[in-house]
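The values are calculated or read from the model by the stated rules, or taken from the named source; none is laboratory data. As the structure is a computational prediction, the values presented were derived from the model and not from experiment. Virtual Cβ from ideal backbone geometry, glycine too; neighbours counted across all protein chains shown.
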Amino acid sequence: MDLSYILNHLGEEREHYFQAISPPIIQSSNFHFESLEKMREGFADEYSNHVYTRGNNPTVNILRKKIAALEKTEDSLIFSSGSSAIGASVISLVESGDHIVCVDSPYSWTNKLLKKFLPKFGVTTTFVDGTSLKKIEEAIIPEKTKLLFLESPNSLSFALQDLEGCAKLCKKYNLISLIDNSYSSPINQNPSELGIDLVLHSGTKYLNGHSDVVMGVCAGPEKLLRKIFESAYMTLGTIISPNDAFLAIRGMRTLPLRIEKSQTTCIKLIEWLGPHRKIEAVHYPFNEDFPQYELAKKQMKGCGGLFSFYLKAEKIEEAERFHSHLKCFLTAVSWGGHESLILPAAGFYKIPGLPDSVIPWNYFRVYVGLEEFEYLKADLEQALEKIDA
Ligand SMILES: Cc1ncc(COP(=O)(O)O)c(C=O)c1O
């Protein structure tokens with residue numbers, strides 16, 4: 001389906017709302033049944049009908065249709081956060097005694113879900129090096145393993161999994177595959193085309209794109225989504241509000257433009273920063289020296305605006321000094337908004353009551369926003385000069 005059609009028209013039934021270009025925010029918790037017949041119809045299929053906004057809402061439905069089309073899946077469900085999309089989807093698909101295989105070091109709250117939360121209910125997880133299909137296969141316990149959880153690329157290490165290979169393994173052992181696709185957005189990677197069953201997003205990142213909405217997505221076949229809907233989606237009720245759905249629809253109008261701009265500036269910054277004498281290494285899956293460059297090129301269309309670098313520095317104080325001189329990059333988690341961000345590993349050291357991070361303190365993750373290249377380059381340049389003794 002044409003990207004322009006999806007973002008500008010799909011799901012928008014303007015004849016129902018005065019031909020307004022921008023869709024209404026249907027801020028209603030419940031919906032009236034005109035007759036008993038309609039009431040029976042409604043309750044026969046809450047997944048499809050308008051009964052109650054915890055299940056279905058017309059503004060949210062526009063977003064569902066657009067996201068499903070972007071991810072090339074039958075349908076999608078929208079959640080109040082990426083974390084709830086992941087949690088509710090996984091919980092809905094396992095039972096006590098089941099086993100999950102997950103790639104090493106997934107997003108921290110996915111890690112906690114699998115390591116701390118699910119074991120309370122008799123569900124165990126084996127974490128494996130996802131760069132090796134062999135190790136993934138070795139971790140599968142036939143009959144007992146039910147899910148394979150992927151995150152490709154990982155949002156810190158950028159480690160990838162061979163998605164086609166993983167999908168084949170899932171067929172062989174009858175597993176459901178899920179992927180956290182937040183790094184790529186549907187613009188740069190469509191895992192369903194490679195055979196992955198469920199595609200999850202922190203929609204807080206690129207999809208909404210303006211750092212003002214927290215939301216999550218699970219896209220996939222209707223049969224699986226109905227299972228999730230009838231289980232944790234309706235039980236936990238972690239839904240997006242109609243108002244936030246409206247903001248996300250608005251944010252998504254410019255999704256391809258934002259990603260293109262962010263990616264173009266990111267590549268220019270990497271080309272300039274890589275050879276700098278104060279930089280030890282730059283990591284970006286589309287860099288030729290990236291260990292999984294070939295795989296990245298095979299299954300992704302681009303890498304967007306997230307990259308990382310290691311500063312050449314002797315002591316953590318030097319990394320701290322460099323960071324303290326940055327003026328244009330905001331220090332924050334997340335990515336995908338208009339603003340450029342920096343996440344210094346040094347900030348995960350010296351936290352009272354917590355162990356130091358395992359990530360080296362000279363690591364910095366950068367998200368390149370919508371600012372101009374020269375503006376961002378000048379900021380990095382002047383901060384690097386401050387440690388250029
Ligand atoms: C890779 C990844 N997945 C999922 C999430 C969770 O998304 P949310 O913050 O929207 O709950 C995050 C949040 O930063 C993330 O980085």
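Restricting region 176-224 to residues that are part of a strand (DSSP E or B) and among the small types (Gly, Ala, Ser), which is nearest to the ligand (Cβ to nearest atom)?
Per the stated criteria, the residue is SER202.
State the number of residues belonging to region 218-233 that are surrounded by 24 or more Cβ atoms within 10 Å (Cβ to Cβ), touching a Ser or Thr at 6+ places or on another chain (Cβ under 6 Å) and of a type in the set (A, V, I, L, M, F, W, C).
Residues meeting the conditions: 2.
So which residues in region 308-357 are of a type in the set (Ser, Thr, Tyr), free of Cβ contacts under 8 Å to residues at least 24 places away in the same chain and under 22 Å from SER262 (Cβ atoms), if there are any at all?
Across region 308-357, the qualifying residue is only THR331.
In this structure, does TYR233 turn out to be within 30 Å of SER29 (Cβ to Cβ) and either over 18 Å from the mean Cα position of the chain (by Cα) or modelled with pLDDT under 95 (or both)?
Judged against the criteria, TYR233 is a match.
Any idea which residue in region 82-100 is farthest from THR204 (Cα to Cα), counting only those that are crowded, with 19+ Cβ neighbours inside 10 Å and of a type in the set (S, T, N, Q)?
SER92
Please list, ordered by residue number, the helices (runs of 4 or more DSSP H) wholly in region 19-109 having 1 or more residues that are within 16 Å of the ligand (Cβ to nearest atom).
Filter on region 19-109 gives 58-70, 82-93.
Is region 298-307 home to any residue that is in contact (Cβ under 8 Å) with a residue 24 or more places away in the chain, within 28 Å of LYS65 (Cα to Cα) and surrounded by fewer than 17 Cβ atoms within 10 Å (Cβ to Cβ)?
Yes, region 298-307 contains at least one residue that is in contact (Cβ under 8 Å) with a residue 24 or more places away in the chain, within 28 Å of LYS65 (Cα to Cα) and surrounded by fewer than 17 Cβ atoms within 10 Å (Cβ to Cβ).
Within region 110-133, how many residues turn out to be of a type in the set (Ser, Thr, Tyr) and either in contact with a helix residue (DSSP H, G or I) (Cβ under 7 Å, 6 or more places away or on another chain) or part of a helix (DSSP H, G or I) (or both)?
3
In this structure, does ALA296 turn out to be of a type outside the set (D, E, K, R), more than 28 Å from LEU160 (Cβ to Cβ) and outside any loop (DSSP other than H, G, I, E, B)?
No; evaluated as a whole, the condition is false for this residue.
Any residue in region 265-289 that is assigned to a helix (DSSP H, G or I) sitting within a Cβ distance under 7 Å of a residue that is surrounded by 15 or more Cβ atoms within 10 Å (Cβ to Cβ) and of a type in the set (Val, Ile, Thr)? List the pairs, counting only those 6 or more apart or interchain.
From region 265-289, the pairs are THR265/VAL368; CYS266/VAL368; LEU269/VAL368; ILE270/VAL282; LEU273/ILE279; LEU273/VAL282.
Filter region 326-364 down to the residues that are out of contact with any helix residue (DSSP H, G or I) (no Cβ under 8 Å at 6 or more places or on another chain) and in a strand (DSSP E or B) and list them by number.
Correct list: LEU330, LEU341, LEU343.
Mind checking which residues of region 185-217 are among the hydrophobic types (A, V, I, L, M, F, W, C), more than 19 Å from MET300 (Cα to Cα) and buried (at least 24 other Cβ atoms within 10 Å of the Cβ)?
Within region 185-217, MET215, VAL217 qualify.
Counting just the residues of region 18-45 that are among the hydrophobic types (A, V, I, L, M, F, W, C) and touching a residue at least 24 places away in the same chain (Cβ under 8 Å), which one comes out surrounded by the fewest Cβ atoms within 10 Å (Cβ to Cβ)?
Once the filter is applied, the top-ranked residue is ILE25.
Any residue at all in region 306-314 that is at pLDDT below 95 and charged (D, E, K, R)?
Yes, that holds for at least one residue.
In this structure, is SER262 touching a residue at least 12 places away in the same chain (Cβ under 8 Å), of a type in the set (Gly, Ala, Ser) and not in a helix (DSSP H, G or I)?
Judged against the criteria, SER262 is not a match.
Could you tell me which numbered condition LEU326 fails, if it satisfies all but one of (1) in contact with a strand residue (DSSP E or B) (Cβ under 7 Å, 6 or more places away or on another chain); (2) within 16 Å of the ligand (Cβ to nearest atom); (3) not charged (D, E, K, R)?
(2)
Consider PHE149 carefully, then state whether it is at pLDDT 95 or above, touching a Pro at 6+ places or on another chain (Cβ under 8 Å) and among the aromatic types (Phe, Trp, Tyr).
Taking the combined requirement at face value, the residue satisfies it.
Note down all Cβ pairs under 8 Å where the first residue falls in region 5-17 and is more than 16 Å from VAL60 (Cβ to Cβ) and in contact (Cβ under 8 Å) with a residue 12 or more places away in the chain, the second is in a loop (DSSP other than H, G, I, E, B) and not hydroxyl-bearing (Ser, Thr, Tyr), and they're at least six residues apart or on different chains.
What qualifies is LEU7/ARG253; ASN8/ARG253.
Which is aliphatic (A, V, I, L, M), under 24 Å from GLU372 (Cβ atoms) and touching an Asp or Glu at 6+ places or on another chain (Cβ under 9 Å), of ILE270, ILE187, ILE259?
The match here is ILE187.
Return yes when GLU143 is part of a loop (DSSP other than H, G, I, E, B) and more than 14 Å from the ligand (Cβ to nearest atom) and no when it is not.
Spelling it out, GLU143 is indeed part of a loop (DSSP other than H, G, I, E, B) and more than 14 Å from the ligand (Cβ to nearest atom).
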